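Working notes for the structure below.
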Number of protein chains: 2
Amino acid sequence: MTATEAPESKCDVLVVGAGPAGLMLATWMAHCGINARVVDKRSTKIYNGQADGLQMRSLEIFDSLGFADRAWKEANHMLEMCMWNPGEDGKIRRSDRVPDTPPNLCRFTQIVLHQGRIERFFLDNIKKYSKDTLHIDRAVLPESLDIDQKACADHSADIYPITVKLRHLTDEEATPAQSKGSTVNDGLFRSNLAGDDTDDLIQKSREKQGSTEIIKAKYVVGCDGAHSWTRRQLGFQLEGEPTDFIWGVLDIIPITDFPDIRMRCAVHSASNGSLMVIPRENKLVRLYIQLTEIKPDASGRADRSRITPETIISAAQKIIAPYSLSYHYCDWWTAYQIGQRVGTNFDSQNRVFLAGDAVHTHSPKAGQGMNVSMQDAYNLGWKLGLVVKGVAKPSILATYQDERRKIAQDLIDFDHKFSRLFSGRPAKDVLDETGVSMAAFKDAFVKGNMFASGLSVDYGASMLVAKDSNQDLATNTPIGMRFPSHKVLNQCSAQPYHFQERLKSDGCFRIVVFAGNVLSPAQSARLRAFCDKLSTSTFLAPHLHNNIAILTCHSAKRTDTDLLSDFPDVLHRFDEKTGWDYDAVYVDDVSYHEGYADAYKGYGVQKETGCVVITRPDQYVGYVGALDGEEGWEGVEAYFKGVFVTI
Amino acid sequence: MTATEAPESKCDVLVVGAGPAGLMLATWMAHCGINARVVDKRSTKIYNGQADGLQMRSLEIFDSLGFADRAWKEANHMLEMCMWNPGEDGKIRRSDRVPDTPPNLCRFTQIVLHQGRIERFFLDNIKKYSKDTLHIDRAVLPESLDIDQKACADHSADIYPITVKLRHLTDEEATPAQSKGSTVNDGLFRSNLAGDDTDDLIQKSREKQGSTEIIKAKYVVGCDGAHSWTRRQLGFQLEGEPTDFIWGVLDIIPITDFPDIRMRCAVHSASNGSLMVIPRENKLVRLYIQLTEIKPDASGRADRSRITPETIISAAQKIIAPYSLSYHYCDWWTAYQIGQRVGTNFDSQNRVFLAGDAVHTHSPKAGQGMNVSMQDAYNLGWKLGLVVKGVAKPSILATYQDERRKIAQDLIDFDHKFSRLFSGRPAKDVLDETGVSMAAFKDAFVKGNMFASGLSVDYGASMLVAKDSNQDLATNTPIGMRFPSHKVLNQCSAQPYHFQERLKSDGCFRIVVFAGNVLSPAQSARLRAFCDKLSTSTFLAPHLHNNIAILTCHSAKRTDTDLLSDFPDVLHRFDEKTGWDYDAVYVDDVSYHEGYADAYKGYGVQKETGCVVITRPDQYVGYVGALDGEEGWEGVEAYFKGVFVTI
């Protein structure tokens, strides 16, 4: 299979696909300093349309990477969801308003911004962190994937069990065709209404000379979408069924007298189908519009050629009547057939992984696709990083499928329920059994909101999640869920921070020391004993400050305590050139400008005696234990002995 | 004086100096679309050191221009000021802590970031807005300034009364010499301990051919620093006196056991002088250190050659003892002699203006210099913009000197008092009359904080400030002061905003309609009558939406009101291509995530009946009046007839 003339090179991680999942993976590689390569068959990145919703958890992740502020500034913020249903006269009217994002869960709310900007933020961030260890090549397509099965179990530094042949395309080959006659960008070529062009592209390119190369890789991640070439090479399937529901999508600047056009709206008409309004940045509004007049044929697939912006807006006008709706400017449009499918396998031998649409596809209306895809890659990236660096045991790679396949299944179940409630005809009354109850729809939306936020993810027990550690000591900091955020002050500068802001995506685990009331002699003694163990452990010594960072939050008064006298050195280590670390110790105390923090209460930690929490590099809580006693120091060391290799 | 061979060109506004004042002026020119040119004799922008404090009002201005978020993210935030004084044993100890920024004045607090980054934000913003109408040329020096006195009074579009000859320098000429033997950047060449090199540079460059050009300008603004060449051409003086106090400045990463090194600190030692600590970004700390062993000679000027980083840190060590203080990394250093001077004139014939250090110099420790300088230019820029565009009466230009000279005098008075209290020896007890009372120092600091925030600026009565309009209708929105900020919601999207965020620096005046309870039939009738007048005025018609924007905030419940039915069209105008304006009407109502706004109470406006406020393009309040009655519509029209020309 290998061409003798093709140039050959090595990389630690090869990522196939430079969409949000692929770029998230690449961003982790950049932050961890891993030698990686990303290839994408398209010649340019996306400038219009595609996915747009950013959920709360995605924004927390962006913040940990360093660019949540850019998304927050440019995006449209969605505050309220309005439900419109037929009244007794059959005309639509607003039946309900609910907050689009449940209050008090997170410092962010749901926002909307088009995928092209989000990919720009990733690319800028990768450039900032990668220092020439990472390359993104466009118009490059993998043609073959060979796995040396015998070599897979050995994760030593010099073993590259995967051989991938890459094919370089011309610009023309790599630019997807747009619908004929249209001057507006569309996304039909990516839609599930269109077939995949990968095999065609490979076939065409084979007629040319000198356009291939060979990559030897330790790991490959397929982030190559619903038609995933990588998945096909592995012989894995997506399982699930399509429905008969066809929906169109329009990004327009609307001209309308519909009063809630700047709110997120679910509009169920009496008999013309449903519509969702998603207000966007730059005066744009995205409309998801049910196309009731278009049905799949016998093959199960709808006729694409009948779908145009004109047919879509015409369907929207019928749904939203008696309000007027038109536009002068259309930014992008597409159409898709609703269905839910989930991958049978997420990895092969802990060497080749699948993420994003390659392992779950569903309808886009809940704004989940891009978010769950990025979160797949966010779960996997640091694990690959730590294994490549020889720091963590290779067996942590198996937790990727364990943790993410359940999320994918939950997503599919959620979307299955939600999209049927949305696409169904509203019930006329309680006796109308084939109609959808609008009360049931609202109920599903409100319950679904928590799932959709991305904050309810709860990973199961594993070497990374010590579910049986002492949850009682941090009752509102669930083991397996993301570390919640509450306001604390920096001990040395009195600056308020959301504590989660200090858990950067730098590849480090963190020992979060809730030091309690350090002014109590007994508590101070417990803290000093714990820190003595921490700084003298021969197992942890090579990992400390490199792969394990330490963050402290105490509960005594800020002005009564002092960094140098009240906190052992290991909590704020000294560097000969830059002095003490002033960014490691925090306090749960009153701020001058932002009121009381009450963080200990927020985390459910006893103010007097505190506790120890371990967070993973992705901010998920791995362990909770006491500062002393049997679980004290031994619990912490045991956790890390389960994850890290002895150096 | 004009050279026949030199190329000649025209520009509306020529700015001399590309420091913070010059760049602020240029930014206004970019936002107003004015053809302008900026020249600076230095070849490169600043990368280290110089000014660093950003006060609250400066951040509000940055926000209105679009880059407060960048400064906010990169800067160090200062929360607390600690006072250290000698105890009875003569050793320093912390005597007080006070908030560095008074709470509840502003949505920002004081922050610290070096001048180079701030100049970068200006340059990026100018590039974004200027569309090739604005050029910044470095290593270019004005050599002569001629004013056609007879032409000055005629502000017609084709009159260019000012001729400036520019000289292009070589890179070598334009790069300031650094102290001999030092590898660290210093700012001595800009300090008042050094002479000015402008005349030398002109003399040297005259030996070369073909390095001049002629600019014909309508207006010139001298932002060229304390040694201002522009000021000298006009024959204006700075008046005031130097003191004997010499201070050094070090930007270092400190290695120390001083507990408050990440707080702003004022340290008065018993007999070794005083020191100020300003924590900075990237682990840096700026130290202002009194050099008690260096005195001015008979000429009144100190010997620069005796001042080095070593002598400065040595002085600091004596002041901060018994704590240790040293460093491995020094980023920048300088020294200066304290003095306070203010310009006799801020403009010549409303054609040539001076701003920033060209008209006020003082000690840097209160973090005022860069802020007041930028605010000078912020006051002048839009006035020049509107006059050049032929929209405003040229007589508004006279308000620049009226408004800013008083601020400069206040600044000088503040600094005179503050710097003497800071440089003085602490009193041993109440009988020690030559010593400085530490209680008096704290009192001066706390009082000075309000002045230093930049928020207490109160411009006097003029065509732009109708002090005799109806203050009673908006009791907490003082006429002549900056429009305060309170949280409101967008009527159409429910998104919370600080209302001041909607007053962008786009060159527009704003009619802020506090529409009151629009659900009351009587109030609705008043609002409609006012809006009828507004949309049918022949005087205002050509200015409306171009030079005058309209913002509305009502007090009825958001969910009971509707943009199209409850608010006259002029408050949310319709555009054929983009539909209704959804960003013009706001409401004082509860938000989902940020609590109650209570904006009407904050502005001191009656919730039922509201009022009308006019804000200037720089966010200062120009007028307050009722929606109806004699002051109603006539008051608004009369205000604008005083400012705008009839088109």
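Just so it is clear, none of the values below were taken in a lab; they were calculated from the coordinates. Nothing here was measured: the structure is a model prediction, and the numbers come from that model. Please note: Cβ atoms are built from the backbone with ideal geometry, for glycine as well, and neighbour counts cover all protein chains shown.
Amide H of residue A:554: which non-local residues (sequence gap of 5 or more, or other chain) have their own amide H closer than 5 Å, using H built in the peptide plane?
Close amide H contacts, sequence-distant or interchain: A:515, A:586, A:587, A:588.
How big is the dipole moment of the stretch A:8-452 about its Cα centre under a simple scheme where the beta carbon of each Lys and Arg is +1, that of each Asp and Glu is -1, and everything else is neutral? Debye, nearest 20, please.
Computed about the Cα centre, the dipole is about 620 debye.
If you project the alpha carbons of the stretch B:186-250 onto the principal axes, what extent comes out on each, in Å, largest first?
So the three principal-axis extents are 44, 27, 19 Å.
Which trypsin sites (Lys or Arg not before Pro) in the stretch B:110-180 pass both tests, a DSSP loop state and at most 14 other beta-carbon atoms within 10 Å? Don't skip to the end; give the middle numbers.
Numbers: sites: B:117, B:120, B:127, B:128, B:131, B:138, B:150, B:165, B:167, B:180; in loops: B:131, B:180.
Sites meeting the loop and neighbour criteria: B:131, B:180.
Filter the chymotrypsin sites (Phe, Trp or Tyr not before Pro) in the stretch B:507-596 to those in DSSP coil with at most 11 other Cβ atoms within 10 Å of their Cβ, and list the result.
B:596
With charges only on Cβ, +1 for K and R and -1 for D and E, what is the dipole size of the stretch A:94-190 about its Cα centre, in debye, rounded to 20?
600
If the chain between residue A:244 and residue A:431 were fully stretched, how many nm would it gain, using 0.36 nm times the residue separation less the Cα-Cα distance? Provide the component values of the computation, followed by the final result.
Values: separation 187, 0.36 × 187 = 67.32 nm, distance 2.49 nm.
Using 0.36 nm per residue and subtracting the Cα-Cα distance, I get 64.8 nm.
So what's the stretch A:384-472 giving for Rg/Rh, alpha carbon basis, Kirkwood Rh from the mean inverse pair distance?
1.21
If R₀ is 60 angstrom, what is the calculated FRET efficiency for the pair residue B:306 and residue B:216, using the beta carbon separation as r and rounding to 0.05?
0.80
Taking θ as phi - 60°, what are the ³J(HN,Hα) couplings along the stretch A:67-84 by the Karplus curve (6.51, -1.76, 1.60), each to the nearest whole Hz, with x for Gly and Pro?
Running phi through 6.51 cos²θ - 1.76 cosθ + 1.60 with θ = phi - 60° gives 9, 4, 4, 5, 5, 4, 6, 8, 7, 8, 9, 9, 10, 9, 10, 10, 9, 10 Hz.
Need the C-alpha centroid separation for the stretch A:245-272 versus the stretch A:95-174, integer Å.
Each part reduced to its Cα centre gives a spacing of 32 Å.
From the backbone phi of the stretch B:376-385, what are the Karplus-calculated ³J(HN,Hα) couplings (6.51 cos²θ - 1.76 cosθ + 1.60, θ = phi - 60°) in whole Hz, Gly and Pro given as x?
Those phi angles translate into 4, 5, 5, 6, 7, x, 5, 5, 4, x Hz.
Provide the per-residue ³J(HN,Hα) series for the stretch B:325-333, in order, calculated from phi with Karplus coefficients 6.51, -1.76, 1.60 and θ = phi - 60°, each as a whole number of Hz, with x at glycine and proline positions.
These are the phi-based 3J(HN,Hα) values: 7, 8, 7, 9, 10, 10, 8, 5, 7 Hz.
Evaluate the relative contact order of chain B (contact order divided by residue number), counting alpha-carbon pairs under 8 angstrom at least 6 apart; express in whole percent.
For chain B, the relative contact order is 15 percent.
Restricting to Cα atoms and excluding each atom paired with itself, what does the Kirkwood estimate give for the stretch A:471-643 in Å?
Values: mean 1/r = 0.0629 Å⁻¹.
Kirkwood radius, the stretch A:471-643: 15.9 Å.
Would you give the gap between the C-alpha center of the stretch A:329-346 and the C-alpha center of the stretch B:293-336, rounded to a whole Å?
One Cα centre to the other: 67 Å.
Kindly express, to the nearest 10 degrees and within the range 0 to 90, the angle between helix A:398-423's C-alpha long axis and the longest C-alpha principal axis of chain A.
Compared with the principal axis, the helix lies near 40 degrees.
Can you give me the Rg/Rh ratio for the protein assembly as shown, using Cα atoms for both radii and the Kirkwood formula for Rh?
0.98
Once the Cα atoms of helix B:521-536 and of chain B are each reduced to a long axis, what angle between those two axes, in degrees from 0 to 90 to the nearest 10, is obtained?
With rounding to tens, the tilt is 80 degrees.
Taking only C-alpha pairs under 8 Å that are 6+ residues apart, what is the relative contact order of the stretch A:471-643 in percent? Please report the intermediate quantities before stating the final value.
Values: 333 pairs, mean separation 62.2, N = 173.
Relative CO of the stretch A:471-643 lands at 36 percent.
Quantify how strongly other chains surround peptide B:257-264 by giving the mean number of their Cβ atoms within 10 Å of each of its Cβ atoms. Please list the in-between numbers first.
Numbers: counts 5, 1, 5, 3, 6, 10, 3, 1.
So the per-residue partner count for this stretch is 4.
When the Kirkwood radius is taken over all Cα pairs of the stretch A:548-647, what Stokes-Einstein diffusion coefficient follows at 37 °C and 0.692 mPa s, in µm²/s?
In µm²/s, the coefficient rounds to 212.
Counting GluC sites (Glu not before Pro) as exposed when in a DSSP loop with at most 13 other beta carbons within 10 Å, what is the longest stretch of chain A free of them?
A:434-575
Output the 0 to 90 degree angle, nearest 10, between the alpha-carbon long axis of helix B:115-130 and the longest principal axis computed from the alpha carbons of chain B.
Computed tilt is about 30 degrees.
Just to be sure I follow: if Rg is taken over the C-alpha atoms of the stretch A:73-191 and Rh is the Kirkwood radius over the same atoms, what is Rg/Rh? List each step's numbers first, then the result.
Details: Rg = 24.0 Å, Rh = 20.9 Å.
My calculation of the ratio gives 1.15.
So how far, in whole Å, is the C-alpha centre of the stretch B:397-442 from the one of the stretch A:557-585?
36
What fraction, in whole percent, of alpha-carbon pairs in chain A exceed 40 Å separation? List each step's numbers first, then the result.
Details: 71131 of 208981 pairs.
Roughly 34 percent, rounded to a whole number.
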